[in-house]
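The values are calculated or read from the model by the stated rules, or taken from the named source; none is laboratory data. Keep in mind the model is a prediction, meaning the values are calculated, not measured. Note that each Cβ is placed from the backbone with ideal geometry, even for glycine, and that neighbours are counted across all protein chains shown. These area figures cover heavy atoms from the full protein model, side chains too; ligands, DNA and RNA do not enter into them. Shrake-Rupley method; radii C 1.70, N 1.55, O 1.52, S 1.80 Å.
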Amino acid sequence: MDYELTREVLAAFEREGVKYVIFGAVALNLQGLARATLDLDVFVAPEEGNIARLKTALRTVFDDPHVDEISAEDLLGDYPAVQYVPPEGAFHVDILTRLGEAYGFDDLESERVDFDGLEVTVVTPEALYEMKKATVRPQDWGDAERLRQRFKLEDE
Amino acid sequence: MPVRKFRDVSEMEGNTWLEPGDPRLFQAMRAVWKLAARTTRPSFPPGVYKHRSIEEADALVQVWEQANFEAFHARRRERRDDRVPRAGDSKKK
């Protein structure tokens, strides 16, 4: 994934006042474990205005008419998971408003961390651990174990 | 860089972690992401994809990852086939 572009997307989120929380592998990176990834996972607040700000932010980075296909109606309705692949096609932004019955935006514990001079919002190691261990992907279980050891986490 | 010694592999794992905000973390992220992009050259079809669940989204990612995996190996095969025969290649059985 392109480091500068990822930072640029997040800078646009900050500039436009998007309410978001990074989770997934980029969150793991920012919490201290450098690891290759192909996507930027973000939870966004399920509010029409916030989705509009998200689209504005993406438009400032990507000159791409596809951005208009992202809609509040979908994200607040039947399609809580939307993937956006920018024109270069080298990575994807996964945008979520809820994760099954388990997580909504307000359920996520987050904190502000530094991303090379840019303050961004990331899930806490504890929340990331809970999310990683709840998935079905073996690589996530490995990440969960690394988080557990690093932050001395215990199951609730 | 100094040589660091460990009594067990498990001790090494902890040393890959850095503190959030540490400049060395950003250097490592840049290096790891760049290396991954250069070696795997991932490609995804541009556009917007809507899903009713994270499982649906993951399923599409699996399809993309499989396609990228196959493209990676196709490139490796091409490079191998294009390789100029070296002295001694013909002696191999």
- Which percentage, to the nearest 5, of the DSSP beta bridges contained in the protein assembly as shown is antiparallel? 80
- Query: Quick one: if you stick a label point 7 Å off each Cα along the C-beta vector at A:R59 and B:E56, how many nm between them?
  - Reply: 2.6
- the protein assembly as shown - convex hull of alpha carbons, volume per residue in Å³: 177
- Chains A and B: accessible area buried, summed over both chains, 1.4 Å probe, nearest 100 Å², reads 3700
- Task: Provide A:E130, A:E73 ordered by accessible surface of protein heavy atoms (probe 1.4 Å), highest first.
- Result: A:E73, A:E130
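What share of Cα pairs, in percent, lie more than 13 angstrom apart in the stretch A:4-70?
65
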- Item | Cross-link pairs beyond the 27 Å C-alpha cut-off, checked among A:K132/B:K34; A:K55/A:K133; A:K132/B:K50; A:K152/B:K34 | A:K55/A:K133; A:K152/B:K34
- Using the alpha-carbon centroid of each, what span in Å lies between the stretch A:24-39 and the stretch A:82-122? 12
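Multiplying the sequence separation of A:E48 and A:D68 by 0.36 nm and subtracting their Cα-Cα distance, what value in nm do you get? Could you put the intermediate results ahead of the total?
Working: separation 20, 0.36 × 20 = 7.20 nm, distance 1.39 nm.
Extra length from A:E48 to A:D68 when fully extended: 5.8 nm.
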- Roll a 1.4 angstrom probe over the protein heavy atoms and tell me the percent of accessible area of the protein assembly as shown that is carbon or sulfur. 51
- Mean projection area, nm², convex hull over Cα of the stretch A:52-156: 8.5
- Query: Taking only C-alpha pairs under 8 Å that are 6+ residues apart, what is the relative contact order of chain A in percent?
  - Reply: 23
